[in-house]
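Have a look at the structure below, then the notes.
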Amino acid sequence: MERVGTVPGGLWGGLRETAEMIKIQHTVFALPFALISLVTATGEGWPSPHVWLWVLVAMVSARTAAMTFNRIVDAGIDAANPRTAQRALPAGRLSRRFAWGVTTASSVLFVVAAGQLNGLCLLLAPVALGVLLGYSYTKRFTSLAHLWLGFALGISPVGAWLAAAGRFDPPPLVLGAAVMLWVAGFDVIYSLQDEQFDREHGLRSLPARMGARNALAAARLLHVGSLLGFAVFASLAGGGPWRWLAVVLAAGLLLVQHRMVRPGDLSRVDAAFFSANGLLAVAMGVLFLFAKIASGP
């Protein structure tokens, strides 16, 4: 019989392991952009508490399903990689059965949340899950897997807009594209750590295909594109000092991120990945919220 895991600390230890498995702290990357889209979609008003609640549930459950499924699919790869061998599944602290349970429960909760929002969200929920779960296989056949990951996170502001407005409009598509390019760029930077491993094990990534220097150049181009997208969205959302400050701050943080990482020095990749990008997302979310408050009645 497969064991659930031997986590010290009982229930709390299991919860800590689960939170670590799904990297719950990385929710900070997509959630602020969903909230930006949500408050922008309602124009001069604010989303109802019902919409706030179920968008939050949908965001957290979708990400939990995607991340847990990714851990299941990549368990063998993670076990072979010294950088990831101590993750909960390859190390045996949590079982695949448990991970499948988390994936299934989170997927069901996501569909329920979509149904609580509106019919269009419910109709598109299986498509969104297909995109989110499908990412886990992409490094096996394309070095553009970074863009698929970006697309998976980029659909969050589109989904939030649909939850509030019930229709497709240009602004969330622009923001979604900007998020896609931003995420793809920082994922390229993060994957520099596994350049040699990916190459030796037949996994596709831009660093494995192009080398670190060229991959970093590609990441810079992706981030230039993301900044253009943020700027266009800020204009479509109504402009104003708070929104333009958000774009300028994003530019500064992306510049800092690229100065932190060099082809021969990856010692600050983690800081570039989480600190700079987490701060970018949170700061933009807060500043767009300020803009919404400032424009209110």
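Against the condition of a type in the set (Gly, Ala, Ser), buried (at least 23 other Cβ atoms within 10 Å of the Cβ) and out of contact with any Phe, Trp or Tyr (no Cβ under 8 Å at 6 or more places or on another chain), how does residue 159 come out, does it pass? Yes, satisfied. None of 220, 213, 209 is assigned to a helix (DSSP H, G or I), closer than 22 Å to residue 145 by Cα, out of contact with any helix residue (DSSP H, G or I) (no Cβ under 9 Å at 6 or more places or on another chain) and not aliphatic (A, V, I, L, M) except 213. Got a sec? Which of 79, 85, 105, 113 is in contact (Cβ under 8 Å) with a residue 24 or more places away in the chain and either assigned to a helix (DSSP H, G or I) or surrounded by fewer than 21 Cβ atoms within 10 Å (Cβ to Cβ) (or both)? From the options 79, 85, 105, 113, the qualifying one is 113. The sole residue among 236, 249, 216, 221 that is hydrophobic (A, V, I, L, M, F, W, C) and touching a His at 6+ places or on another chain (Cβ under 9 Å) is 216. Within the stretch 167-184, identify whether any single residue is without any contact (Cβ under 8 Å) to a residue 24 or more places away in the chain and surrounded by fewer than 20 Cβ atoms within 10 Å (Cβ to Cβ), and answer yes or no. Yes. Is it the case, given these coordinates, that residue 202 is among the small types (Gly, Ala, Ser), assigned to a helix (DSSP H, G or I) and either closer than 27 Å to residue 138 by Cα or within 19 Å of the chain's Cα centre (by Cα) (or both)? For residue 202, the condition - among the small types (Gly, Ala, Ser), assigned to a helix (DSSP H, G or I) and either closer than 27 Å to residue 138 by Cα or within 19 Å of the chain's Cα centre (by Cα) (or both) - is not met.
Within the stretch 234-280, restricting attention to residues that are charged (D, E, K, R) and either part of a loop (DSSP other than H, G, I, E, B) or surrounded by 14 or more Cβ atoms within 10 Å (Cβ to Cβ) (or both), the residue that is farthest from the chain's Cα centre (by Cα) is 262. Scanning the stretch 126-143 for residues that are touching a residue at least 40 places away in the same chain (Cβ under 8 Å) and of a type in the set (A, V, I, L, M) yields 128, 129, 132, 133. Just to be sure, is residue 262 of a type in the set (Lys, Arg) and at pLDDT 90 or above? So residue 262 does not fit the description; no. Within the stretch 119-157, being touching a helix residue (DSSP H, G or I) at 6+ places or on another chain (Cβ under 7 Å) and outside any helix (DSSP H, G or I) holds for one residue alone: 143.
For the stretch 193-233, the candidate set comprises residues that are in contact (Cβ under 8 Å) with a residue 60 or more places away in the chain and of a type in the set (S, T, N, Q); within that set, the residue that is surrounded by the most Cβ atoms within 10 Å (Cβ to Cβ) is 205. Within the stretch 221-269, the set of residues being among the hydroxyl-bearing types (Ser, Thr, Tyr) and closer than 24 Å to residue 37 by Cα comprises 226, 235.
The values are calculated or read from the model by the stated rules, or taken from the named source; none is laboratory data. Just so we're clear, the structure is a prediction, and the values are computed from it rather than from any experiment. FYI the Cβ positions are ideal-geometry reconstructions off the backbone, even for glycines, and counts take in every protein chain you see.
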